[in-house]
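The values are calculated or read from the model by the stated rules, or taken from the named source; none is laboratory data. Note that this is a predicted model, so its numbers are computed, not measured. Cβ placement follows ideal geometry from the backbone for every residue including glycine, while neighbour counts extend to all protein chains displayed.
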């Protein structure tokens, strides 16, 4: 496992929490990195993360795979590692499917944003009455750390996509309305933006293959 370097910065401006990066949604070939994961804690101790680079004309021109531990606290590092493996300078934004993944492995969205320096939209799909009790129940030894990271990620905001479906998002580096427009640009139907949908399919198949 690599050491997470919080001070690393890419060639482009990283910005800070509360600041906003310029995202040119009118560009004909804007690229996003969609990240999603798959796991089965009964079969494997690791979760598979897939990252798909997709242009706004729905051409796929990049793919990376990473893993993190089921029930661990290394999802943040895994996402940063996945991005670095791509070794790309032309990605304009990241769409992440969920910030609590791999059986309560909590992603620190602020660390991902500060380290990578790209606008980040984290998308979830269902309403929730809270997750704190599940942290306490399943992780009595470190639930406080998980809650701290989760709360630092901030509140979700409901947005209605052009497809008619409502999702819940957290935006870092861009305003909420820009985050919604980004999702609309990459969503053909339903709730799932295409880069995330494809990432989910890939991660599921890789996970199944590795469990054979």
Original post:
If only one of 187, 163 is under 28 Å from residue 90 (Cα atoms), buried (at least 20 other Cβ atoms within 10 Å of the Cβ), modelled with pLDDT of 95 or more and out of contact with any strand residue (DSSP E or B) (no Cβ under 7 Å at 6 or more places or on another chain), which one is it?
Top reply: 187
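Take the residues of the stretch 42-55 that are more than 20 Å from residue 77 (Cα to Cα) and not in a strand (DSSP E or B): which is modelled with the lowest pLDDT? Steps first, answer last, please.
The first filter runs over the stretch 42-55 and keeps only residues more than 20 Å from residue 77 (Cα to Cα), leaving 42-43, 54-55.
With the extra rule that they be not in a strand (DSSP E or B), the set shrinks to 42-43.
Numbers: 42: 81, 43: 78.
Across the stretch 42-55, the extreme among qualifying residues is 43.
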**OP:** Name the one entry in 146, 170 that is in contact with a helix residue (DSSP H, G or I) (Cβ under 8 Å, 6 or more places away or on another chain), modelled with pLDDT of 95 or more, farther than 30 Å from residue 25 by Cα and surrounded by 14 or more Cβ atoms within 10 Å (Cβ to Cβ).
**Re:** 146
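Restricting the stretch 71-90 to residues that are part of a helix (DSSP H, G or I), in contact with a strand residue (DSSP E or B) (Cβ under 7 Å, 6 or more places away or on another chain) and touching a residue at least 24 places away in the same chain (Cβ under 8 Å), which is surrounded by the most Cβ atoms within 10 Å (Cβ to Cβ)?
Within the stretch 71-90, the first condition is being part of a helix (DSSP H, G or I), and the residues that meet it are 75-86.
Subset that is in contact with a strand residue (DSSP E or B) (Cβ under 7 Å, 6 or more places away or on another chain): 75, 78-79, 81-83, 85-86.
Pick out the ones that are also touching a residue at least 24 places away in the same chain (Cβ under 8 Å) and you get 75, 78-79, 81-83, 86.
Numbers: 75: 27, 78: 27, 79: 29, 81: 18, 82: 19, 83: 22, 86: 15.
Once the filter is applied, the top-ranked residue is 79.
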Original post:
Do we find a residue being in contact with a strand residue (DSSP E or B) (Cβ under 7 Å, 6 or more places away or on another chain), in a loop (DSSP other than H, G, I, E, B) and either at negative phi or in contact (Cβ under 8 Å) with a residue 12 or more places away in the chain (or both) anywhere in the stretch 128-147?
Top reply: yes
**OP:** Kindly establish whether residue 164 is free of Cβ contacts under 8 Å to residues at least 40 places away in the same chain and at positive phi.
**Re:** yes
Subject >> Odd one out for residue 34, checked against (1) modelled with pLDDT under 75; (2) under 15 Å from residue 79 (Cα atoms) >> reply: (1)
